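The structure under discussion appears below in the form of structure tokens.
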Amino acid sequence: MTLTDQLTGVRTTPGREVLISGAGIAGPALAFWLNRRGYAVTVVEKAGTLRSGGYPVDVRGTALEVVRRMGILPRLRDAHIDLRRLTFLGGDGGEVASVHPYTVTGGVAGRDLEVRRGDLTDALRTAVSDDVEFLFDDSVDTLDQSGHGVDVTFSGGGTRTFDMVFGADGTHSRTREMLFGPEERFHRYLGHCFAVFTMRNTFGLSHETVMWNTPGRAAALYAVGDDDEVHAFLDFARPEPPYDAFRNPEAQRDLVAAAFADAGWEVPGMLAAMRDADDLFFDGVSQIRVPRWSSGRVALVGDAAYAPSFLTGQGTSLALVGAYMLAASLAGRDHTAGFAAYEQDTREFVTVNQGLVGEGGATLFPATAEALAQRDERLRDLRTIPAAQGRPAHSALTLPEFMPMT
């Protein structure tokens, strides 16, 4: 009998109503485990629906055990992207080296997963669709903890009271801002900005990534299969985060275009495609580091609390593990003790994984000509790059047993 089988038939205890803000990855994962603890769960999402498609994400180490316990591991195995080659190009478009992706990412063949983000969110939504209430096209406007619960006013005008509220609303979390203040206090900018979007695959790419580099700039085309589309990626060094552009898509496009105005290779065509892309995602390369993950009856999970940046490859895994640990920490505890246990048992794992950031940045985005030349030399002589064994940080936490509500 699987854990999922054991958890069927769980009933909600009156007065245990909770709200999760954000329906990305951490939100539905947390909803799954809280539901199995007997909570009536509502998830509010400002978008009109769950985002389909999306760039590929990694599920590694401890997070693999989380999705196994959820019962969705077989589905994710079926959706695994078999990326076979990562080719690095110089500024003139000539090949520097072609390697297996795990040589750079530290993944473990046959064990770690890489899936389209939409495949993971679809699996998570399916796992909770019969048990959890979703409110789309809405968001939390205010939180009031002066009473015995959390009084929530929604942007759409409704009001409700919940026993607890959880912010799973991403790096630019509105929940975190309401609890602890402006993002700038917790935003550790890592000196780069990036844009991701899809464009037509006119390059004949299949199951591979091709990355062009000059000092402080990178452009990549990522073909997850034999599709008609590829994921286009543009990254550039910038001393200060462009806060004004984070909520202005046209300003984002202008910023990227200016950074790559004189670039060669396929970049001019990528910039033209970016102008028309309806799925552009732009952000700074950054981490979120918050001294406390909760206040009163409200707690943060996933990127809202501890975004590690995509350079670590661990954002999705931290979201999955954090959701599990938060729900498990509330077993047999009130919110005060539960939130304290969540931080005590999870923070070291987060810290170790956030510490991976330097390794990814040095390999993919050297900022100077000297650093780029050194990177290229290492790639040409693979004897200086250890065979992929998987980083201990990925598996540096043993999950506690999760006891369902009886």
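The values are calculated or read from the model by the stated rules, or taken from the named source; none is laboratory data. As the structure is a prediction and not an experimental result, all values here were calculated from the model. Every residue, glycine as well, gets a Cβ built from its backbone with ideal geometry; the counts of neighbours run over all protein chains shown. What goes into the accessible areas is simple: the full protein's heavy atoms, side chains included, and nothing from ligands, DNA or RNA. Shrake-Rupley method; radii C 1.70, N 1.55, O 1.52, S 1.80 Å.
Among Val67, Val352, Val196, the largest mean-square fluctuation in a Gaussian network model of the chain (Cα springs under 10 Å) belongs to Val352. Within the stretch 110-138, whose backbone N sits under 12 Å from a point 7 Å along Cα→Cβ of Asp279? Residues 116-119 fall inside that zone. In the chain, helical runs assigned H by DSSP with n ≥ 4 each contribute -39500 (n - 2.57); averaged across all residues and rounded to the nearest 500, the mean residue ellipticity at 222 nm is -9500 deg cm²/dmol.
With r as the distance between the Cβ atoms of Thr159 and Asp228 and R0 = 60 Å, compute the FRET efficiency 1/(1 + (r/R0)^6) and round to 0.05.
Values: r = 46 Å, r/R0 = 0.77.
Computed FRET efficiency for Asp228 and Thr159 comes out at 0.80.
Axis angle, to the nearest 10 degrees, between helix 335-354 and the longest C-alpha principal axis of the chain: 10 degrees.
Relative contact order of the stretch 243-383, taken over Cα pairs closer than 8 Å and 6 or more residues apart, is 17 percent.
Glu401: net charge of surrounding residues, Cβ under 14 Å, Lys/Arg +1, Asp/Glu -1, itself excluded?
Numbers: positive: Arg36, Arg37, Arg68, Arg69; negative: Glu65, Asp345.
Neighbour charge sum, excluding Glu401 itself: +2.
Here the dipole of the chain is about 1060 debye; that uses its Cα centre as origin and unit charges on the Cβ of Lys and Arg (positive) and Asp and Glu (negative). Within the full protein context, the accessible area of Ile20 is estimated at about 0 Å² for a probe radius of 1.4 Å. Each of Arg111 and Asp131 was given a label point 7 Å from its Cα along the Cα-to-Cβ line. The distance between the two points is 2.9 nm.
With every protein chain present, what is the per residue accessible area of the chain (1.4 Å probe, Å²)?
On the way: 17360 Å² over 406 residues.
Heavy-atom accessible area per residue stands at 43 Å².
Note that the stretch 177-193 has calculated 3J(HN,Hα) couplings of 4, 5, 7, 10, x, x, 4, 3, 5, 10, 8, 9, 6, 10, x, 9, 10 Hz, one per residue in order, obtained from phi through the Karplus relation 6.51 cos²θ - 1.76 cosθ + 1.60 (θ = phi - 60°); glycine and proline are x. Build a GNM of the chain with springs between Cα atoms under 10 Å apart, and of Ser309, Ser98, Ser329 the one that fluctuates most is Ser98.
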